[in-house]
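Inspection log for the structure reproduced underneath, given as structure tokens.
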Amino acid sequence: MDPTSPSVTRLANWINNQSQASLVAPSEAQFLPVTTPLSGQLIAEVPLSQAVDVNEAVSSAESAFPAWSSRTFKDRAQYLLRFHQTLAAHLDELAKLVVLEHGKTYEEAVGEIKKGLETLEYAISLPQLATGRNLEVSRGVFCQDTRVPLGVVVSIVPFNFPFMVPFWTLPIAIGCGNTMVLKPSEKVPLTMDRVAQLAGTIFPPGVLSLVHGDKQVVPPLLEHSAVRAVTFVGTTHVAELVSQQCRRLNKRCLALGGAKNHLVAAPDCDTELTAQDVVNSFTGCSGQRCMAASVLLTVGAQAELVASIVAKTVALQPGSGPREIGPVIDEASRARILDYIVRSEQAGAEILVDGRLNAAFTERAQASGGSWIGPTVIRHHHKTDVALHDEIFGPVLSILECPSGEAALEIENSNPYGNAACIYTSSGAVAQHYTQRFRAGMIGVNIGVPVPREPFSFGGIEASKFGDMDITGDGGIEFFTYRRKVTTKWGAPTEKSWLN
Ligand code: NAD
């Protein structure tokens with residue numbers, strides 16, 4: 001689709017490898033408008049599915065499970081390999097869909113698709129990775145465990161990575177032999193809708209189903225008795241609700257929530273490299289990443305570093321090309337971000353770069369009707385400023401000067417989230433000091449977006465994650481299988497003439 005002249009698509013669920021209109025009575029059927037943040041134009045209508053649709057999708061997934069799970073890991077890997085080839089052949093089309101519905105730049109869209117394909121590549125190796133164990137635990141007694149799929153699993157995903165986040169779970173889940181019902185974000189349903197159609201040319205019916213909708217369709221998905229496990233990625237409040245509900249239902253659940261990531265700039269950091277990395281981190285995907293830099297804690301004033309960050313931020317232009325930044329997802333999001341800037345100003349903070357006054361972004365917003373907002377840098381003087389504590393989820397960097405490295409560490413470690421933290425330094429000893437003391441789940445040294453890549457798993461701690469395992473990598477194998485333990489004892493062979 002051409003982002004400049006989008007056409008409107010009325011979406012349907014994807015069940016049994018077919019597009020299926022919601023089963024809700026036509027008179028009661030409801031659709032939500034999907035608009036592109038690039039211009040605010042209507043691009044699609046997404047159905048608000050209900051319990052009846054969930055039942056249909058789960059029942060299709062349940063029917064597919066016996067045959068799919070009884071295939072070998074090697075057999076399923078062949079399907080995944082063809083899925084990878086198909087998606088790679090459609091990379092440009094999928095990237096354009098991501099740009100259209102999310103607003104991120106084309107380069108960022110390609111990046112997220114390639115990262116999603118990495119998880120698929122990892123899953124293609126499941127025959128080598130998901131092997132069990134076997135040990136003679138006492139003379140003649142053998143314990144063995146093997147990886148067994150759970151059944152129907154559900155994945156509920158957020159808007160900020162229309163392709164990559166669904167691919168945190170989908171390849172490993174189905175590669176391990178589960179069947180999946182996925183609920184895309186109602187704000188960005190087009191990319192996964194297309195992925196489901198492509199998957200339908202490869203996988204048997206019921207292996208992957210899509211149920212569209214908003215928060216109303218989530219309770220029936222969690223409560224369906226055939227659903228064995230749930231993954232969720234989104235805001236902390238909802239992650240906690242989903243996790244509590246699954247716990248009550250005794251279902252396996254991994255729910256990833258929001259974040260507030262701190263970057264500490266030590267006095268010995270490389271000023272230019274640090275400034276560039278911090279700006280990339282807080283403006284990439286317009287700050288709509290759970291791994292984005294949110295607060296920069298400088299040890300001392302570090303005037304040169306701050307000046308370089310300001311200069312690089314001011315130079316950024318709105319757009320979809322390299323070194324440009326896209327809009328935020330919608331007007332509600334833009335209003336929320338603007339409110340944080342106003343409240344910071346009212347609390348006595350200095351707005352070093354004011355996104356509200358950036359002519360290129362303001363003109364773009366007015367001319368296009370899209371949700372464009374210029375990147376903003378705020379220097380705070382009070383630790384209590386609300387922008388230093390809430391997840392803003394936009395292109396806003398808060399800077400706070402700390403009297404010592406210890407004071408900076410204390411600020412990061414006392415925040416309720418635990419997704420990511422980073423130290424910028426040119427000393428290995430300083431880096432080691434921080435990596436051993438930061439409490440976050442994912443830590444960077446001179447990298448402001450420290451995303452672990454396969455075979456490593458992804459996941460924070462505390463208010464950034466509810467659940468026991470991590471997502472992707474070997475954490476994904478652990479989550480999407482249970483270990484079947486078999487203990488075997490055979491006596492000595494009874495005397496058989498043919499043995500000797
Ligand atoms: P969101 O919580 O609004 O929505 C996520 C999903 O939950 C969507 O599919 C939505 O339809 C559904 N949902 C929304 N409200 C619900 C409710 N009350 N009950 C049940 N389901 C509900 O999140 P979002 O705005 O789409 O995504 C942004 C958030 O996701 C940010 O907080 C970001 O940090 C977080 N995120 C976290 C990670 C991570 O790895 N920790 C990764 C990506 C995004």
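The values are calculated or read from the model by the stated rules, or taken from the named source; none is laboratory data. Treat the numbers as computed from the prediction; the structure is a model and nothing was measured. Quick reminder, even Gly has a Cβ in these numbers, built from the backbone with ideal geometry, and neighbours come from all protein chains shown.
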Q. For Ala335, which of the numbered conditions (1) more than 26 Å from Phe159 (Cβ to Cβ); (2) out of contact with any Ser or Thr (no Cβ under 6 Å at 6 or more places or on another chain) fails to hold?
A. (1)
Q: Please state which one of Ile378, Ile443, Ile411 is β-branched (Val, Ile, Thr), modelled with pLDDT of 95 or more and touching a His at 6+ places or on another chain (Cβ under 7 Å).
A: Ile411
Q | Top-ranked residue of the range 186-202 - restricted to ones that are touching a helix residue (DSSP H, G or I) at 6+ places or on another chain (Cβ under 9 Å) and among the polar types (S, T, N, Q), ranked as nearest to the ligand (Cβ to nearest atom) | A | Thr191
Q: Considering each residue of the range 386-439, count those that are without any contact (Cβ under 8 Å) to a residue 60 or more places away in the chain and touching a helix residue (DSSP H, G or I) at 6+ places or on another chain (Cβ under 7 Å), and give that number.
A: 5
Q) Given the residues Lys183, Lys260, which is the only one that is closer than 30 Å to Pro127 by Cα, among the charged types (D, E, K, R), modelled with pLDDT of 95 or more and within 15 Å of the ligand (Cβ to nearest atom)? A) Lys183
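Any residue at all in the range 236-245 that is under 15 Å from the mean Cα position of the chain (by Cα) and of a type in the set (A, V, I, L, M)?
There is at least one residue in the range 236-245 that is under 15 Å from the mean Cα position of the chain (by Cα) and of a type in the set (A, V, I, L, M).
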Q: Go through the range 370-401 and give me each residue that's closer than 12 Å to Ile341 by Cβ, assigned to a loop (DSSP other than H, G, I, E, B) and among the β-branched types (Val, Ile, Thr).
A: Ile373, Ile392
Q) Out of all the residues in the range 162-171, is one or more in contact with a His (Cβ under 8 Å, 6 or more places away or on another chain), modelled with pLDDT of 95 or more and in a strand (DSSP E or B)? A) no
(Q) Based on this model, can you work out whether Thr283 counts as over 27 Å from Gly234 (Cα atoms) and buried (at least 16 other Cβ atoms within 10 Å of the Cβ)? (A) no
Q: Output the residues belonging to the range 203-225 that are within 16 Å of the ligand (Cβ to nearest atom) and not aliphatic (A, V, I, L, M).
A: Ser209, His212, Gly213, Asp214, Lys215, Gln216, Pro219, Pro220, Glu223, His224
Q.
Condition (residue is among the basic types (Lys, Arg) and in contact with a Phe, Trp or Tyr (Cβ under 8 Å, 6 or more places away or on another chain)) applied to the range 66-83: is it met by at least one residue?
A. yes
(Q) What pairs come out if I take residues in the range 345-372 that are without any contact (Cβ under 8 Å) to a residue 60 or more places away in the chain and pair them with residues that are assigned to a helix (DSSP H, G or I) and of a type in the set (Asp, Glu) whose C-beta lies under 8 Å away, six or more apart or interchain? (A) Ile351/Glu345
Q) Within the set of pairs 6 or more residues apart or between chains, which connect a residue that is farther than 29 Å from Leu305 by Cβ and free of Cβ contacts under 8 Å to residues at least 24 places away in the same chain inside the range 440-466 to a residue that is in a strand (DSSP E or B) and near the ligand (Cβ under 10 Å from one of its atoms) with Cβ atoms less than 8 Å apart? A) Ser457/Ile471
Q) Just one of Ala311, Ala359, Ala293, Ala332 is surrounded by fewer than 15 Cβ atoms within 10 Å (Cβ to Cβ), of a type in the set (A, V, I, L, M) and within 16 Å of the ligand (Cβ to nearest atom); which is it? A) Ala332
Q: Please enumerate the residues belonging to the range 450-486 that are under 17 Å from Gly418 (Cβ atoms), surrounded by fewer than 20 Cβ atoms within 10 Å (Cβ to Cβ) and aliphatic (A, V, I, L, M).
A: Val451, Ile461, Met469
(Q) Out of Leu23, Leu97, Leu120, I need the residue that is in contact with a Ser or Thr (Cβ under 6 Å, 6 or more places away or on another chain) and surrounded by 16 or more Cβ atoms within 10 Å (Cβ to Cβ). Which one? (A) Leu97
Q) In the range 6-26, what count of residues is obtained for those that are basic (Lys, Arg) and without any contact (Cβ under 8 Å) to a residue 12 or more places away in the chain? A) 0
Q: Could you identify the single residue in Gly394, Gly444, Gly369, Gly428 that is more than 14 Å from the ligand (Cβ to nearest atom) and within 18 Å of Val278 (Cβ to Cβ)?
A: Gly444
Q) Counting only residues that are farther than 19 Å from Ala420 by Cβ and in a strand (DSSP E or B), which one in the range 240-257 is nearest to the ligand (Cβ to nearest atom)? A) Cys253
Q.
Report every pair of residues separated by at least 6 positions or lying on different chains whose Cβ atoms are under 8 Å apart, first residue within the range 236-248 and under 19 Å from Cys290 (Cα atoms), second near the ligand (Cβ under 9 Å from one of its atoms) and assigned to a helix (DSSP H, G or I).
A. Val238/Lys215; Val242/Val218; Val242/Leu222
Q.
Of everything in the range 112-131, what is within 22 Å of Leu97 (Cβ to Cβ) and touching a helix residue (DSSP H, G or I) at 6+ places or on another chain (Cβ under 7 Å)? Give them in sequence order.
A. Glu112, Ile113, Gly116, Leu117, Thr119, Leu120, Glu121
Q) Residues in the range 16-38: is at least one of a type outside the set (S, T, N, Q), at pLDDT 95 or above and not in a strand (DSSP E or B)? A) yes
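Please specify each residue of the range 450-474 satisfying the condition of being away from the ligand (no atom under 12 Å from the Cβ) and not charged (D, E, K, R). Can you show your working first?
Within the range 450-474, the subset away from the ligand (no atom under 12 Å from the Cβ) is 450, 453-456, 468-469, 473-474.
Pro450, Pro455, Phe456, Met469, Gly473 - these are the residues of the range 450-474 that are away from the ligand (no atom under 12 Å from the Cβ) and not charged (D, E, K, R).
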Q) Applying the selection to the range 207-239, what residues are farther than 24 Å from Phe31 by Cα and in a loop (DSSP other than H, G, I, E, B)? A) Val207, Ser225, Ala226
